[in-house]
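Data block below; observations after.
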Amino acid sequence: MDRRAIILRSGCVAVAVVAVAATLAFAVPALRDHQVRSEAYEAAQLAYEQGRYAEAAMLFERLDGFGDASDRADDAWRKRDEGRYAEAERLAQAGEHDASAEAFTQLGDFEDAADRALDEQQAADREAYDAACGLAASGDHAEAAQAFLALGPYGDARDRAMDEQLRALSEDPLGTGRVTFGTYKGHDLVWRVASAENGHVLLVLDDVVTIPETVAKADGLVIGIEGEQGSNWDESAVRAWLNGAYRDEAFVSEARGADIPEEEGALRWPDNPELFVPTVDDLHACLGDEADRVGVDWQLDEATAFGGGALYRNTRGEHYHRDQARLMSAVGLRPAFWM
């Protein structure tokens, strides 16, 4: 064989070796990846067979594109939801309607779960309503009122709650503790029974209401800003706001028909209660040290208004700015009224 042929053959061999090496370079990782995916598929299958459907579904989802992994993931999720549906049905059959309603709700749009959730919630509300009626019939008016209030807009529950609160106040005002009357900014207003005398009850709001900035400024309640109205309560902007815009919003939607028969007590929910700002002394006499702070944000201010009316300062959160240089806390109060 001549020299030229030997060189040519050697070159072909070298090319073949390079081609094989290149093929192996791509094939070996691919084989390894296939093996890893196969093992992951087997792990997902094992979880599925053991009834761990959520785990199986997530494992199959990680293998998207590998064989039938995507379909298997959908199947595993359905198996999971079928099990949850069966558990929700078991709770319904056991009469645990609140838990059943929550379980069906968690299933979202799975089959008829949304309809079943609504049915179970209605069943739960009917049971709770009947229980509240039982409390009322037994004379436990304060507990009955709370039970009716917890039912929200269900049937005539709100009216029944107002009735039961009146009965509780008529029988034992101070023992009643707190009552709910009116709503403001979408939240129920809870009032503290501060005192009772001569057939009348003093209610003080359990929370603090922020005085609108324009109103606070008009009465000189914002530090560093002199008000135009002075400190005369009858002519104050705060009184006009409390017994105008605030009262209109707070009590406009309250049930007016919620009254107990005349012979059962003299107390009535007022249509338009005259709201006022209790004095610091009155608050301390009724509520003790609890008057000093309300929640974490409001602290009783050393300064007072309107002949000793109690003001609160917001120690964080809402603030007023003056000349973009001085930061001053918002002003609030706890309205009160007699009934």
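Quick check on this structure: which one of Gly186, Gly139, Gly199, Gly177 is more than 29 Å from Glu102 (Cα to Cα), without any contact (Cβ under 8 Å) to a residue 40 or more places away in the chain and either among the aliphatic types (A, V, I, L, M) or in the same structural domain as Gly244 (by TED's automatic domain parsing) (or both)?
Values: Gly186 fails: more than 29 Å from Glu102 (Cα to Cα); Gly139 fails: either among the aliphatic types (A, V, I, L, M) or in the same structural domain as Gly244 (by TED's automatic domain parsing) (or both); Gly199 fails: without any contact (Cβ under 8 Å) to a residue 40 or more places away in the chain.
None of the other options fit; the residue is Gly177.
Name the helices (runs of 4 or more DSSP H) wholly inside segment 76-159 in which the number of residues that are farther than 30 Å from Gln50 by Cβ and of a type outside the set (D, E, K, R) is 3 or more.
Values: elements: 97-106, 113-137, 141-150.
In segment 76-159, 113-137, 141-150 are the helices (runs of 4 or more DSSP H) which contain 3 or more residues that are farther than 30 Å from Gln50 by Cβ and of a type outside the set (D, E, K, R).
When Ala147 is evaluated against the numbered criteria (1) crowded, with 16+ Cβ neighbours inside 10 Å; (2) in the same structural domain as Leu242 (by TED's automatic domain parsing); (3) under 19 Å from the mean Cα position of the chain (by Cα), which criterion, by number, is the only one it fails?
Only one criterion is unmet by Ala147, namely (2).
If you check Leu311 against the conditions, is it farther than 20 Å from Arg158 by Cα, modelled with pLDDT of 85 or more and touching an Asp or Glu at 6+ places or on another chain (Cβ under 7 Å)? Talk me through it step by step, then tell me what you get.
On the way: farther than 20 Å from Arg158 by Cα: yes; modelled with pLDDT of 85 or more: yes; touching an Asp or Glu at 6+ places or on another chain (Cβ under 7 Å): yes.
The answer is yes for Leu311.
How many of the residues in segment 120-132 are in contact (Cβ under 8 Å) with a residue 12 or more places away in the chain and surrounded by fewer than 18 Cβ atoms within 10 Å (Cβ to Cβ)? Give the derivation first.
Taking segment 120-132 first, the residues in contact (Cβ under 8 Å) with a residue 12 or more places away in the chain are 120-121, 123-125, 127-129, 131-132.
The next check asks that each one be surrounded by fewer than 18 Cβ atoms within 10 Å (Cβ to Cβ); those that pass are 123, 127, 131.
Total meeting the criteria: 3.
The values are calculated or read from the model by the stated rules, or taken from the named source; none is laboratory data. Since we're looking at a predicted model, the values are computed, not measured. FYI the Cβ positions are ideal-geometry reconstructions off the backbone, even for glycines, and counts take in every protein chain you see.
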